[in-house]
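Right, one structure below, let's go through it.
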Amino acid sequence: MQCQETGKASIHSGLTAEQLKSLQLIWLELLPKLREHPHNQNQSAEDSGLSSVEKAFWKIVLFDHPDSILLRFLRARKFDVSKSCEMLLNALDWRLEEDVESIIEKGETVLNQRLLQDGLTHFHGRDPHGRPIAYVHHWHPKAQSLQELKQYVIWTLETGRLLLDDDKDGKVSAIIDTSGFNMSKVDFSAANFLVSCMEAYYPECLGNLYIVEAPWVFSGFWKMISPLLDPVIKSKIIFCKRKELSNYLEPEQLMEAFGGKDPYKYHYIPPSAEELGTSVSSKEKSQAHEAFWEAGKAFAHVTEKWANNPAKYDQERQDAARDLRKAGLKLQPFIRAPTFYHRIGAIHEKSAL
């Protein structure tokens, strides 16, 4: 989930007056619910003064603009404020239950190494809209446990966020290679999990989805899975042959194995001993967390005032958003393990401005 800039112009551009009002209203509904959420009753007291659900929310935001996160959920529910708020709160519950932050912090070391080596899903190139392209290959359900696949999917989705450009629409396009597909490789539990992620927990993150070389037997699987898909997601799906992908994607951005001109071949590079041996100062980590929580609380405070009087508090809120981004960027190295894409230079440090 990605924003375009910390300033309001690009994030709010294209919004109608009614949609902007919905954004203001969801903040007024969301912030009290974050503080009073039932999930908080079992939390231990901490110096930050934030509930576990509030922390989960700010961790989603990190260095993005908070409005960009809320707008994803608003768009997914056609700007129905109550439904959007409920969807976001459910997503926060899910992140806590799946321990998403732990997967992000520990990184590739806790994942099934075969999935990484095989490149079940890997990113390379950009579509004509500047979105990262994800290449997805089919998997055998017996090759890994469902839990291992869930962790890998979560890690992949969170890593994909880092590949998004700040000035683009915050979406990823994907190519699913279904050649060699047969019903013995169908994994309904994993498919349902992936559909839930895209629809409920990472809304408005999919650009286009190209299903390539689907054999006739795939039609049976499609009949079972397509009713589960949201009509918006279904409208983004394109069935095609490899040779037809260049009609949708620039050949220079498309791997040769998929009919393009890019000779790139995926080869996983694991973390080095030096990378694994890098120690993190607990004091510095604690200080970075404290600064980030304070920036989150400051943004929330001015946002409640802005929602009731936008003109008066707009500049103060923009400044708070900038401070939150800076704090998120400083915290990131302590809570997010470097990835394969950092090692090959595909992920670059983001600007604080």
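How much accessible area per residue does the chain have, counting only protein heavy atoms and a probe of 1.4 Å, in square angstrom?
Per residue, the chain has 47 Å² of solvent-accessible surface.
Around residue 173, what is the net charge, scoring Lys/Arg as +1 and Asp/Glu as -1 over all other residues with Cβ under 9 Å from its Cβ?
+3
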Inset, instruction - Using only the Cα atoms of segment 107-258, each taken as one equal point scatterer with no solvent, compute I(q) by the Debye sum, divide by I(0), and report log10 of the ratio at q = 0.11, 0.17 Å⁻¹. - result: -0.41, -1.08
Legend entry - Alpha-carbon gyration tensor eigenvalues x 5, square-rooted, for segment 196-348, Å: 40, 27, 16
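I'd like the antiparallel share, as a percent to the nearest 5, of DSSP beta bridges with both residues in segment 107-258.
20
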Legend entry - Order by protection proxy (mean Cβ within 10 Å, highest first), peptides 239-245, 66-72, 49-55: 66-72, 49-55, 239-245
Inset, instruction - Identify, among 11, 102, 134, the residue whose Cα sits farthest towards the positive end of the charge dipole of the chain, taking +1 on the Cβ of Lys and Arg and -1 on the Cβ of Asp and Glu, with the dipole about the Cα centre. - result: 134
Inset, instruction - Calculate the dipole size of the chain relative to its Cα centre from +1 charges on Lys and Arg beta carbons and -1 charges on Asp and Glu beta carbons; express the result in debye to the nearest 20. - result: 580
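First select every other residue whose beta carbon is under 15 angstrom from the beta carbon of residue 343; then total the charges, Lys and Arg +1, Asp and Glu -1.
-3
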Legend entry - Distance violations [Cα-Cα > 26 Å] among 83/285; 55/106; 33/78; 78/234: 83/285
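Looking at the chain, send over the antiparallel percent of its DSSP beta bridges, to the nearest 5.
Once the DSSP bridges in the chain are tallied, antiparallel ones form about 20 percent.
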Legend entry - Long-range tail of P(r) for the chain (Cα pairs > 24 Å, %): 59
Legend entry - Rg/Rh ratio calculated on Cα atoms of segment 71-169 (Kirkwood radius): 1.01
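The values are calculated or read from the model by the stated rules, or taken from the named source; none is laboratory data. Model, not experiment: these values are computed from the prediction. We place every Cβ from the backbone using ideal geometry, glycine too, and count neighbours over all the protein chains shown. SASA here: full protein model, heavy atoms, side chains in, ligands and nucleic acids out. Shrake-Rupley method; radii C 1.70, N 1.55, O 1.52, S 1.80 Å.
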